[in-house]
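Undergrad: Can you read through this structure? Questions will come right after.
The values are calculated or read from the model by the stated rules, or taken from the named source; none is laboratory data. Predicted model, so just to flag it, every value in this text is computed and none were measured. Please note: Cβ atoms are built from the backbone with ideal geometry, for glycine as well, and neighbour counts cover all protein chains shown.
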Amino acid sequence: MRHFSIGDIESLTGIKAHTIRIWEQRYQLVSPKRTETNIRYYDDDDLCVFLNVATLNDHGYKISKISKMETAEIADLVKNLQNSPQNVHAQIQALCNAMIKMDDVEFEEIINRYIGTIGLEQAMSEILFPFLYKIGEMWQVGSINPAHEHFATHKIQQKIIEATYRLDVRVADHAKKYVLFLPPLELHELGLLFAQYLLRKYGQKCLYLGQNLPFDTLKEVVDFYQPDFVFTVLTTGLGDPNIDNMINNLTTAAANTTLLATGNRMGTYTGNDTSNFKVIRNIGSFIQMLEN
């Protein structure tokens with residue numbers, strides 16, 4: 001059982017620490033535990049309660065009313081909110097709850113319901129990528145450990161792979177050739193797998209090379225395969241914390257084609273597109289490119 005400070009709870013739920021203290025005093029909503037040295041902390045169960053309370057509060061439920069409910073009643077109300085695919089905030093909170101509990105069945109049910117209702121592309125754009133961003137925030141404050149992140153990301157990866165294999169792949173007229181890869185020390189394949197799904201859906205030719213591809217190997221592949229585009233996702237910065245150096249190394253290795261780059265690191269990239277380098281800012285712009 002992990003320990004969370006009141007600051008952790010604030011970061012994870014959006015409820016201000018000052019508000020949490022008032023709720024504790026006025027409504028006895030959650031009683032913090034104390035260590036042997038008398039330091040206040042909350043556990044996993046408390047975090048789930050706070051996440052559920054935050055969801056109800058965001059949807060107009062007064063804390064005075066929530067405080068009178070049983071934990072099971074709160075959970076049921078949140079579950080009803082989660083049944084609406086349009087209720088994005090509730091869906092993300094539900095995924096956080098299931099991840100924290102490492103509840104495989106519940107996590108799978110939420111993803112299946114959402115994908116089944118609105119499709120993989122919209123689900124990725126509206127809930128799963130925002131959820132992954134939330135995971136990043138939780139990891140940074142130490143509220144989850146690597147096992148939680150691996151649990152969630154691998155479940156989503158499985159859904160993308162399943163959807164890719166179900167596609168009726170037909171190469172389009174005038175299809176372009178793409179090489180999909182991650183550069184050295186980039187290990188998060190989820191975005192790359194989703195790009196492969198979209199490319200195959202739109203009838204493009206894909207050569208998927210996965211993670212941790214050396215620059216000299218990329219150059220050899222480009223020279224041999226002669227793709228129209230090479231596509232990568234830059235997330236961690238472990239390979240090179242200097243984004244300009246990374247882009248320079250990539251464009252040099254892929255000098256005879258066009259590099260398409262996306263990912264968290266590209267969100268703050270201020271450089272300009274060139275004839276052989278373009279930034280993919282979001283899913284919508286990539287889909288529009290494929291449709292055109």
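Undergrad: Please specify each residue of segment 200-216 satisfying the condition of being over 16 Å from LEU190 (Cα atoms) and charged (D, E, K, R).
TA: LYS201, LYS205, ASP216
Undergrad: Here is a follow-up. Pick out the one residue from PHE231, PHE277, PHE194, PHE286 that is over 15 Å from LEU180 (Cβ atoms) and of a type in the set (Phe, Trp, Tyr).
TA: PHE277
Undergrad: Of the residues that sit in segment 224-258 and are surrounded by 12 or more Cβ atoms within 10 Å (Cβ to Cβ) and among the charged types (D, E, K, R), which one is modelled with the highest pLDDT?
TA: Among those that are surrounded by 12 or more Cβ atoms within 10 Å (Cβ to Cβ) and among the charged types (D, E, K, R), it is ASP228.
Undergrad: If the Cβ limit is 7 Å and pairs must be 6+ apart or interchain, which residue in segment 25-44 that is closer than 24 Å to LYS68 by Cα and touching a residue at least 40 places away in the same chain (Cβ under 8 Å) pairs with which residue that is surrounded by 14 or more Cβ atoms within 10 Å (Cβ to Cβ) and among the hydrophobic types (A, V, I, L, M, F, W, C)?
TA: TYR27/ILE63; ASP44/ILE100
Undergrad: State whether one or more residues within segment 165-175 are at pLDDT 90 or above and in contact with a strand residue (DSSP E or B) (Cβ under 6 Å, 6 or more places away or on another chain).
TA: yes
Undergrad: Out of everything in segment 274-292 that is surrounded by 12 or more Cβ atoms within 10 Å (Cβ to Cβ) and more than 24 Å from the chain's Cα centre (by Cα), what residue ends up being farthest from HIS188 (Cα to Cα)?
TA: Checking each candidate, the answer is ASN276.
Undergrad: Restricting to segment 134-169, count the residues that are out of contact with any Leu (no Cβ under 6 Å at 6 or more places or on another chain), among the hydroxyl-bearing types (Ser, Thr, Tyr) and surrounded by 13 or more Cβ atoms within 10 Å (Cβ to Cβ).
TA: The total comes to 1.
Undergrad: Let me ask you something else. Please indicate, with yes or no, whether at least one residue in segment 262-284 is in a loop (DSSP other than H, G, I, E, B), among the aromatic types (Phe, Trp, Tyr) and either out of contact with any Lys or Arg (no Cβ under 7 Å at 6 or more places or on another chain) or more than 25 Å from PHE224 (Cα to Cα) (or both).
TA: Checking segment 262-284: at least one residue is in a loop (DSSP other than H, G, I, E, B), among the aromatic types (Phe, Trp, Tyr) and either out of contact with any Lys or Arg (no Cβ under 7 Å at 6 or more places or on another chain) or more than 25 Å from PHE224 (Cα to Cα) (or both).
Undergrad: Look through PHE231, PHE215, PHE181 and report the one residue that is in the same structural domain as GLY271 (by TED's automatic domain parsing) and over 20 Å from the mean Cα position of the chain (by Cα).
TA: PHE215
Residue-by-condition table, conditions (1) buried (at least 17 other Cβ atoms within 10 Å of the Cβ); (2) of a type in the set (Val, Ile, Thr); (3) at pLDDT 85 or above; (4) within 24 Å of PHE129 (Cβ to Cβ):
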position	(1), (2), (3), (4)
TRP23	yes, no, yes, no
ILE39	no, yes, yes, no
TYR42	yes, no, yes, no
VAL53	yes, yes, yes, no
GLU70	no, no, yes, no
GLN86	no, no, no, yes
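Undergrad: Conditions: (1) within 20 Å of SER125 (Cβ to Cβ); (2) in contact (Cβ under 8 Å) with a residue 40 or more places away in the chain; (3) of a type in the set (A, V, I, L, M). LEU250 meets all but one. Number of the miss?
TA: (1)
Undergrad: Kindly indicate whether any position in segment 150-158 is of a type in the set (Ser, Thr, Tyr) and out of contact with any strand residue (DSSP E or B) (no Cβ under 7 Å at 6 or more places or on another chain).
TA: Checked segment 150-158: at least one residue is of a type in the set (Ser, Thr, Tyr) and out of contact with any strand residue (DSSP E or B) (no Cβ under 7 Å at 6 or more places or on another chain).
Undergrad: Taking interchain pairs and intrachain pairs at least six residues apart, which have beta carbon atoms under 8 angstrom, with the first residue in segment 105-119 and not assigned by TED's automatic domain parsing to the domain that holds ALA90 and the second part of a helix (DSSP H, G or I) and surrounded by 13 or more Cβ atoms within 10 Å (Cβ to Cβ)?
TA: Short answer, once both residue conditions are applied: none.
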